[in-house]
Amino acid sequence: MDRILIADDEPEIRSLLRLYLENEGYEIEEAGNGKEALKMLAEKPFSLCLLDIMMPETDGFHVLRKIREESQIPVIIISAKDTDPEKILGLNLGADDYMVKPFNPLEAVARVRSNLRRFHQITGNAGALPEEENCLTLRDLKLDRDACVLYRDGNAVELTPVEFRIMELFMKHPGKVFTKQQIYECGWGEEFIVADNNIMVCISKLRAKLDEDPAAYIRTIRGLGYRMEKG
């Protein structure tokens, strides 16, 4: 399993990234400042580092230099600085990618997956994701998990981030019934407490985007939840 270090002094950013990346099966460690990040990097191996620039104790550029002295793991800079000099400096110091805050967490997941795949292909590491795991296919649907795009019969279907996560859940497990609680916690990333009309509305919109027949892909199982039809 790939272990990822999130080094950022904003707890909200760390929590958001942890939520999405753990949902993808990655093992996550967090550091709230540069000094702590360097200590953790020295103590255990990591497959990738998400690195903020403006951190207390030691800034991200210094951490990046130290990483490159000993390792070639992918480093993705996450920073509020969006000017070319900062981006160029980070890339020249050895960063593999650069994301500007605020960012779409789905984009962050896609960039992590893409950088890890390239890294594993270069190193021959067995942790590489097989190509088929990056795209989910079912009937005439194809979900590109790297680009975060759904295609139906070769045509792109525009999805919101919540709709994308729900489709990913359904397409990973065609034929399996998911409760409203499971769908809500996957789609919205929050604990399901009471019945929420958002689920019904979201499923209705998804169905309309997929086919004129509401039950063509997603079927309601009364008293239980919803399932993706295999065929």
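Points worth noting:
- Taken over the stretch 23-46, the criterion of being within 23 Å of the chain's Cα centre (by Cα) and without any contact (Cβ under 8 Å) to a residue 40 or more places away in the chain is satisfied by Gly25, Glu27, Ile28, Glu29, Glu30, Ala31, Gly32, Asn33, Ala37, Met40, Leu41.
- Strands (runs of 3 or more DSSP E) fully within the stretch 1-64 that include at least 1 residues being touching a Ser or Thr at 6+ places or on another chain (Cβ under 8 Å) and either among the small types (Gly, Ala, Ser) or closer than 19 Å to Asp96 by Cα (or both): 3-7, 48-52.
- Some residue of the stretch 93-105 being exposed (fewer than 15 other Cβ atoms within 10 Å of the Cβ), in contact with a strand residue (DSSP E or B) (Cβ under 6 Å, 6 or more places away or on another chain) and either assigned by TED's automatic domain parsing to the domain that holds Glu163 or assigned to a strand (DSSP E or B) (or both): no
This table checks each residue for (1) at pLDDT 90 or above; (2) crowded, with 18+ Cβ neighbours inside 10 Å.
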{"position": "Met1", "(1), (2)": "no, no"}
{"position": "Leu5", "(1), (2)": "yes, yes"}
{"position": "Ser15", "(1), (2)": "yes, no"}
{"position": "Gly32", "(1), (2)": "yes, yes"}
{"position": "Pro56", "(1), (2)": "no, no"}
{"position": "Glu70", "(1), (2)": "no, no"}
{"position": "Gly90", "(1), (2)": "no, yes"}
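- Restricting Ala108, Ala80 to residues that are under 14 Å from Ile13 (Cβ atoms) and either surrounded by 14 or more Cβ atoms within 10 Å (Cβ to Cβ) or of a type in the set (D, E, K, R) (or both) narrows the list to Ala108.
- Number of the exception - Lys180 against (1) surrounded by 12 or more Cβ atoms within 10 Å (Cβ to Cβ); (2) over 24 Å from the mean Cα position of the chain (by Cα): (2)
- Yes/no for Val109 being assigned by TED's automatic domain parsing to the domain that holds Ala37, within 26 Å of His173 (Cα to Cα) and modelled with pLDDT of 90 or more: yes
The values are calculated or read from the model by the stated rules, or taken from the named source; none is laboratory data. Only a predicted model underlies this, so the values are computations on that prediction, with no experimental measurement involved. Heads up, the Cβs are rebuilt from the backbone with ideal geometry, glycines too, and the neighbour counts pull from every protein chain shown.
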